[in-house]
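Only the coordinates and a few stated rules stand behind these numbers; no lab work does. What you see is a predicted model; the values in this text were computed from it and never measured. In this analysis, Cβ positions are derived from the backbone assuming ideal geometry, glycine residues included, and neighbour counts consider all displayed protein chains.
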């Protein structure tokens, strides 16, 4: 199960990271950005890049079984 959930987390982080760099017009990313702009203002894309990178790294560690393994 580590590989499944870690992989899902990896792809979610990758989506946020790439979308943040490209300032994507994908509907899900635009919905996230519109809600986050209230708090983050112009730096919303940077916040999603950093958050996506962190989620990506945690997903890799989870896939490898280095964290949250029994």
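The ranking of 36, 69 by Cβ neighbour count inside 10 Å, starting from the fewest, reads 69, 36. Each of the peptides 37-47, 11-21 was scored by the mean count of other Cβ atoms within 10 Å over its residues; in descending order, highest first, they stand as 11-21, 37-47. Peptides 52-58, 23-29 ranked from most to least packed, by the mean per-residue count of other Cβ atoms within 10 Å: 52-58, 23-29. Hey, what angle do you get for helix 27-40 against the long axis of the chain, alpha-carbon based, 0 to 90 degrees rounded to 10? The angle comes out near 70 degrees.
Here each label is just a point 7 Å from Cα along the line to Cβ, and for residue 36 and residue 14 those points are 1.9 nm apart.
Here the chain is described by how far its Cα atoms reach on the three principal axes: 41, 19, 17 Å, from widest to narrowest. Extension gain for the segment residue 66 to residue 23, taken as residue separation times 0.36 nm less the Cα-Cα distance, is 12.3 nm to one decimal. Counting only alpha carbon atoms, the long axis of helix 2-22 and the longest principal axis of the chain meet at about 20°. Counting only DSSP H runs of at least 4 residues, each contributing -39500 (n - 2.57), and dividing by the residue count of the chain, the helix-based mean residue ellipticity at 222 nm comes to -27000 deg cm²/dmol. The long axis of helix 44-64 is offset from the longest Cα principal axis of the chain by roughly 10 degrees.
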